[in-house]
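Undergrad: This is the structure I have questions about; it appears just below.
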Amino acid sequence: MSAGADLPQRRMTLAASIVGAGASPHAWNWPGTKWNRFADWEHYKRCAEIARSGILDAVFVSDHPALQRDARHGPGHLFDPIVLFSAIAGAIPDIGFVLTASTSYNSPYNLARRLASLDSISGGRVIFNAVASFNPDITANFTAEEILGREDRYRKADEFLQVVKELWLSWDTPEGPEPTGPLWNETTARTIDHHGEFFDVRGPLNVPVGPQGHPVISQAGASEQGIDFAGKHAEIVYAAVLGKQAALDYAAALDGAARSHGRPADSIRLLPGINVYLGDTREEALRRHEAFHGAGSEDDLIARFLDRQREVNPAFPRSVDVDRPLEPHWFEPAEDQIGPVGFSKAVQDLVRTEEPTTRQIVRLVGGNGGHRVVIGTPKDVADSLIDWWAAGAVSGYNAHFPLLHDDLERFVQQVVPILQAEGVFPAEYDSSTIRGRFGLPDPRTTVPTQENR
């Protein structure tokens, strides 16, 4: 594919997940690697250095403040993201941070203060990925109460975001010469006087407005509540989107939700996850894909996929012709589903819009559902990324790699140069702040309507 005049004016954005030993559950003890690198600071630092060498916009860490019960695999979540990224910010310039934190089990004032501090110290490199925690194991580490239902979690998350956004903009420090009067007064350090269903916060924040106004807000969710929440608050949406048409439909839904909340068109950047499997040939990439799923062949990969579907959905048929298109109703999300609806809905949307067979879908979807799989040579992968981006389906990608830091390094050395040669990705950082790189407005210049305050 060659870049041309019909490509989007805004360049592609790229982030890299640096969670644990890699996206594969088999990465932690992969031959030739240090088994306990998931607990080694130098491992994360090296991943961030590699990402910066490829001019990637940011590195991503999800957060799950509970030890995983399945002890067969290394932990996917370990260090507190704020602590980890504070260390990286002091050691490595330029790279941004997609930093996950829970709206369910944090104090808005405390989290707003910590994120504003890191954003100021790093020069505007923070993206706050807001999640409403759904795992009962997490709940049990914070309270004896039962986990909130989906609607209650989103109501709490909505109020949480309202509070932190007001706090982040509550104290303006003077610009220019040294002030002759008080350093602040009631017009420059404003109480927010919030009294809501879940939180009571007076304010103002004791950290002033930062270099990009406030951290960029990211969110993931494809349920009806999640899309409405994103329309109200999100600037970046990190989501599971598996087909190009589904991505176009999802982007349109996000744009409609933003408009319904009084925000202008093009307010939200869609940054779906991708799982990247590289090889010198496509056959090599396919074998790596199988190996990192613990499968010895394509037939084994198919069997594992079908077993997983029957495990999570008792209505899934016991017998399936693997070379006939799948049925969308087999993947209907459960009404009482506790886990993220987004992953289930993404698979269903893919089946409905692209009609894949079982043999095809195992090469398009992560082993347990989840993010889109991209398999092939560096040119194959680059062309696939450009295809969705050039169609306007996405703004960029959050890339996951089966083995860290090896596959991240290969992506930076072999795929990024192709994207740069095609003119869709920069050869140097084009802005010091994340907002600048994503083409997002400064929130100090965006005055919300009274009904959305």
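The values are calculated or read from the model by the stated rules, or taken from the named source; none is laboratory data. What you see is a predicted model, and the numbers here were worked out from it, not measured in a lab. Heads up, the Cβs are rebuilt from the backbone with ideal geometry, glycines too, and the neighbour counts pull from every protein chain shown.
Undergrad: Considering only helices (runs of 4 or more DSSP H) fully contained in the stretch 54-167, which possess at least 2 residues that are of a type in the set (Val, Ile, Thr)?
TA: 81-91, 136-140
Undergrad: Is it the case that the stretch 409-428 has a residue that's modelled with pLDDT under 95, within 21 Å of the chain's Cα centre (by Cα) and assigned to a loop (DSSP other than H, G, I, E, B)?
TA: Within the stretch 409-428, not a single residue is modelled with pLDDT under 95, within 21 Å of the chain's Cα centre (by Cα) and assigned to a loop (DSSP other than H, G, I, E, B).
Undergrad: Continuing with this model, one more query. Regarding Arg304, is this residue modelled with pLDDT under 90, farther than 30 Å from Asp152 by Cβ and surrounded by fewer than 19 Cβ atoms within 10 Å (Cβ to Cβ)?
TA: no
Undergrad: How about the stretch 289-303: which of its residues are over 10 Å from Tyr277 (Cβ atoms) and free of Cβ contacts under 8 Å to residues at least 24 places away in the same chain?
TA: Residues satisfying the conditions are Ala295, Gly296, Ser297, Asp299, Asp300, Ala303.
Undergrad: List the number of the failed condition for Ala240; all other conditions in (1) touching a Gly at 6+ places or on another chain (Cβ under 7 Å); (2) within 26 Å of Gly124 (Cα to Cα); (3) not in a helix (DSSP H, G or I) hold.
TA: (2)
Undergrad: Which one of the conditions (1) touching a Phe, Trp or Tyr at 6+ places or on another chain (Cβ under 7 Å); (2) assigned to a helix (DSSP H, G or I) does Phe316 fail to meet, given that it meets all the rest?
TA: If we test Phe316 against (1) touching a Phe, Trp or Tyr at 6+ places or on another chain (Cβ under 7 Å); (2) assigned to a helix (DSSP H, G or I), just (2) comes out false.
Undergrad: OK, next. Filter the stretch 77-106 down to the residues that are small (Gly, Ala, Ser) and either surrounded by 20 or more Cβ atoms within 10 Å (Cβ to Cβ) or more than 18 Å from Leu408 (Cβ to Cβ) (or both) and list them by number.
TA: Kept after step one, since they are small (Gly, Ala, Ser), are these residues of the stretch 77-106: 86-87, 89-91, 96, 101-102, 104.
Within the stretch 77-106, Ser86, Ala87, Ala89, Gly90, Gly96, Ala101, Ser102, Ser104 meet the criteria.
Undergrad: Restricting the stretch 267-312 to residues that are over 24 Å from Ala382 (Cα atoms) and of a type in the set (Val, Ile, Thr), which is farthest from the chain's Cα centre (by Cα)?
TA: So the residue we want is Ile302.
Undergrad: Now for a separate question. Among the residues of the stretch 342-355, is any part of a loop (DSSP other than H, G, I, E, B), at pLDDT below 90 and surrounded by fewer than 21 Cβ atoms within 10 Å (Cβ to Cβ)?
TA: Checked the stretch 342-355: no residue is part of a loop (DSSP other than H, G, I, E, B), at pLDDT below 90 and surrounded by fewer than 21 Cβ atoms within 10 Å (Cβ to Cβ).
Undergrad: Is it the case that Pro208 is closer than 30 Å to Ser432 by Cα, at pLDDT below 90 and not in a helix (DSSP H, G or I)?
TA: no
Undergrad: Among the numbered criteria (1) crowded, with 24+ Cβ neighbours inside 10 Å; (2) at pLDDT below 95, which single criterion is violated by Tyr277?
TA: Among (1) crowded, with 24+ Cβ neighbours inside 10 Å; (2) at pLDDT below 95, Tyr277 violates only (2).
Undergrad: Can you tell me which of (1) farther than 23 Å from Asp321 by Cα; (2) surrounded by fewer than 15 Cβ atoms within 10 Å (Cβ to Cβ) is the one Arg269 doesn't meet?
TA: The one condition Arg269 does not meet is (2).
Undergrad: Kindly indicate whether any position in the stretch 247-257 is within 30 Å of His405 (Cβ to Cβ) and at pLDDT below 95.
TA: yes
Undergrad: Here is a further query. Tell me yes or no: at least one residue of the stretch 102-113 is in contact (Cβ under 8 Å) with a residue 24 or more places away in the chain and within 19 Å of Val19 (Cβ to Cβ).
TA: yes
Undergrad: Quickly run through the stretch 417-443 and pick out the residues that are surrounded by 20 or more Cβ atoms within 10 Å (Cβ to Cβ), of a type in the set (A, V, I, L, M, F, W, C) and closer than 18 Å to Pro93 by Cβ.
TA: Ile434
Undergrad: Which count do you get for residues in the stretch 393-404 that are of a type outside the set (A, V, I, L, M) and either assigned to a strand (DSSP E or B) or at pLDDT below 95 (or both)?
TA: 4
Undergrad: Hey, Arg435 hits all of (1) farther than 28 Å from Lys165 by Cα; (2) under 21 Å from the mean Cα position of the chain (by Cα); (3) in contact (Cβ under 8 Å) with a residue 12 or more places away in the chain; (4) assigned to a helix (DSSP H, G or I) but one; which does it fall short on?
TA: (1)
Undergrad: Now for a separate question. Can you run down the residue pairs with Cβ atoms below 6 Å, 6 or more apart or on separate chains, where the first is in the stretch 354-365 and under 20 Å from Asp249 (Cα atoms) and the partner is surrounded by fewer than 16 Cβ atoms within 10 Å (Cβ to Cβ)?
TA: Here the result reads Glu355/Pro325, each pair linking the stretch 354-365 to a residue that is surrounded by fewer than 16 Cβ atoms within 10 Å (Cβ to Cβ).
Undergrad: Any chance you could count how many residues in the stretch 366-382 are under 19 Å from Ala247 (Cα atoms) and either among the charged types (D, E, K, R) or in contact with a helix residue (DSSP H, G or I) (Cβ under 6 Å, 6 or more places away or on another chain) (or both)?
TA: Count: 6.
Matching residues to (1) closer than 20 Å to His371 by Cβ; (2) touching a Leu at 6+ places or on another chain (Cβ under 7 Å):
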| position | (1), (2) |
| --- | --- |
| Arg10 | no, no |
| Leu14 | yes, yes |
| Val19 | yes, no |
| Trp28 | yes, no |
| Ala66 | no, no |
| Arg72 | no, no |
| Gly76 | yes, no |
| Ala87 | no, no |
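Undergrad: Within the stretch 217-237, take every residue that is assigned to a loop (DSSP other than H, G, I, E, B) and closer than 17 Å to Phe134 by Cβ and give me the one that is modelled with the highest pLDDT.
TA: The first filter runs over the stretch 217-237 and keeps only residues assigned to a loop (DSSP other than H, G, I, E, B), leaving 220-223, 234-235.
Of the ones still in play, those that are also closer than 17 Å to Phe134 by Cβ are 220-223.
On the way: Ala220: 86, Gly221: 74, Ala222: 74, Ser223: 79.
Selected residue: Ala220.
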